[in-house]
1. Across the range 1-47, what fraction of all alpha-carbon pairs, as a whole percent, falls in each successive 5 Å bin from zero upward?
2. Starting from the 7 Å offset along Cα-to-Cβ, what nm value, one decimal, do you get for the label separation of Arg65 and Gln48?
3. Just to confirm a number: summing +1 for Lys and Arg and -1 for Asp and Glu over residues other than Asp114 whose beta-carbon lies under 13 angstrom from that of Asp114, what do you get?
4. Hey, what number do you get for the chain at 222 nm if only DSSP H runs of n ≥ 4 count, each worth -39500 (n - 2.57), divided across all residues, to the nearest 500?
5. First compute the accessible area of the range 22-125 with a 1.4 Å probe, then give the percent of it belonging to carbon and sulfur atoms.
6. How much net charge surrounds Val20 when only other residues with a Cβ under 15 Å from its Cβ are counted (Lys, Arg +1; Asp, Glu -1)?
7. Name the GluC sites (Glu not before Pro) in the range 41-125 that are in a loop by DSSP and that have at most 16 other C-beta atoms within 10 Å, would you?
8. Quick one: accessible area per residue over the chain, 1.4 Å probe, rounded to a whole number of Å²?
Amino acid sequence: MITEITYHFGTVRIYKTYLVFVMDEGITVKPEYNDILLNISTKYYRNQNFGYITHRINSYSVDPRVYFETSKIENLVAFAVVSGSQNSNVVADFEKIFLKKPFEQFHSLDEAIDWVNTIVENTTV
C-alpha cells in the first residue's frame with residue numbers, strides 16, 4: 001500500500017495499480033466527489049493506468065450522475081464492486097449502465113484485485 005486517506009465520506013487505500021474505497025455508512029456519493037478521484041488519479045497515477053475498487057462493506061447510495069464524470073478520467077481503466085449483498089448487486093447492475101469503463105462485480109476483494117490488475121496490465125496508457 002502506498003498510502004491511506006480518510007475523507008468526510010469514506011477512506012481510500014492507494015496501491016500501485018489500483019485503489020480501494022470504503023464509503024461510510026449512510027452517505028450519498030455525489031458527482032462533486034469526482035474532483036477527489038481526479039486529484040488522486042493525477043497525483044498517484046500520473047501517466048499510468050489504474051483501477052477503482054469499491055468495497056461495499058457499508059450501506060450507502062450513489063447518485064448515478066457521478067459515473068458520467070468518472071467515465072471522463074482517461075487513465076481509469078477498470079471499475080470493480082465488491083459486495084456479498086444481493087441488493088448491492090442489483091444496484092451495481094443499474095450503475096453499470098452509466099459508467100463507460102469496464103465494470104465488474106465480485107464477492108471477494110482478491111477476485112476484484114486480480115481482475116483489475118489484468119485490465120490495467122493489458123490496457124495501454
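The values are calculated or read from the model by the stated rules, or taken from the named source; none is laboratory data. Please read all numbers here as calculations on a predicted model, not as lab measurements. Every residue, glycine as well, gets a Cβ built from its backbone with ideal geometry; the counts of neighbours run over all protein chains shown. Remember, those area values only see protein heavy atoms, side chains included, never the ligands or the DNA or RNA. Shrake-Rupley method; radii C 1.70, N 1.55, O 1.52, S 1.80 Å.
1. Taking all Cα pairs of the range 1-47, the binned fractions are 5, 20, 32, 25, 13, 4, 1 percent.
2. 3.4
3. Net charge around Asp114: -4.
4. Per the formula, -9500 deg cm²/dmol.
5. Carbon and sulfur together cover 51 percent of it.
6. It works out to a net charge of -3.
7. Sites meeting the loop and neighbour criteria: Glu74.
8. 54
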